[in-house]
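The numbers here are math on the coordinates, done by the rules we state, and not lab data. In this text the structure is predicted, and so the values were computed from the model without any measurement. Note: ideal-geometry Cβ built from the backbone for every residue, glycine included; neighbour counts use all protein chains shown.
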Amino acid sequence: MCTAFLAGCGSGAYYMVREPGSATPYYTTSISTSGSALKFKDAKTGNGVTLQSSEVKKISKDEFTQAMTAPAALAPAAVIAAPLPAGAGATAPAVVTDPAAAPQAKPQ
């Protein structure tokens, strides 16, 4: 963790920053503070980020470059079990990842 040593966290270095408990990392080359908050520009998105609580890890240029070229992790699609329409020839429910594509049950 680098937050206690921010004087040494200037430009010319590479950092991976995340909120404690979060699996989503941010990557940056410059970190500053505003009160108790950590401020930086996320290198992947170009967005300014302010975190009240953070973990900072100094990383190598190679790790930084690899993180910038890696595809963003995709969130898993929502899975919905929906019954198949009558006569579809299956006895198990269908698994649908798009709720709009789920067959609608007909009222009886």
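Give, in nm to one decimal, the length gained when the segment between Met16 and Val49 is fully stretched (0.36 nm per residue of separation minus the Cα-Cα distance).
10.6 nm
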Calculate one ³J(HN,Hα) per residue across the range 16-26 by plugging θ = phi - 60° into the Karplus curve 6.51 cos²θ - 1.76 cosθ + 1.60, and present them in order as whole Hz with x for glycine and proline. 10, 10, 8, 7, x, x, 9, 8, 8, x, 10
Using modelled backbone amide H atoms (1.01 Å from N, in-plane), which distant-in-sequence or interchain residues come within less than 5 Å of Thr33's amide H? Lys39
Once you put a point 7 Å from the Cα of Thr33 and another 7 Å from the Cα of Asp62, both along the Cβ direction, what distance in nm separates them? 3.3
Can you give the net charge of the other residues whose Cβ lies under 12 Å from the Cβ of Met68, counting K and R as +1 and D and E as -1? -1
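If I stretch the segment between Asp42 and Thr24 completely, what's the gain in nm (0.36 nm per residue apart, minus their alpha carbon distance), one decimal?
Using 0.36 nm per residue and subtracting the Cα-Cα distance, I get 5.3 nm.
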Just to check I understand the Karplus step: with θ = phi - 60° and J = 6.51 cos²θ - 1.76 cosθ + 1.60, what whole-Hz values come out for the range 56-71, glycine and proline as x? 10, 10, 6, 10, 6, 4, 5, 5, 4, 4, 4, 5, 6, 9, 6, x
Would you tally the net charge around Tyr26, using a Cβ to Cβ cut-off of less than 14 Å, leaving Tyr26 out, and scoring K and R as +1, D and E as -1? +2
With θ set to phi - 60° and the Karplus curve 6.51 cos²θ - 1.76 cosθ + 1.60, what are the ³J(HN,Hα) couplings of the range 28-44 in order, to the nearest whole Hz, using x for Gly and Pro? 8, 10, 8, 10, 9, 10, 9, x, 9, 8, 9, 10, 6, 9, 5, 5, 6
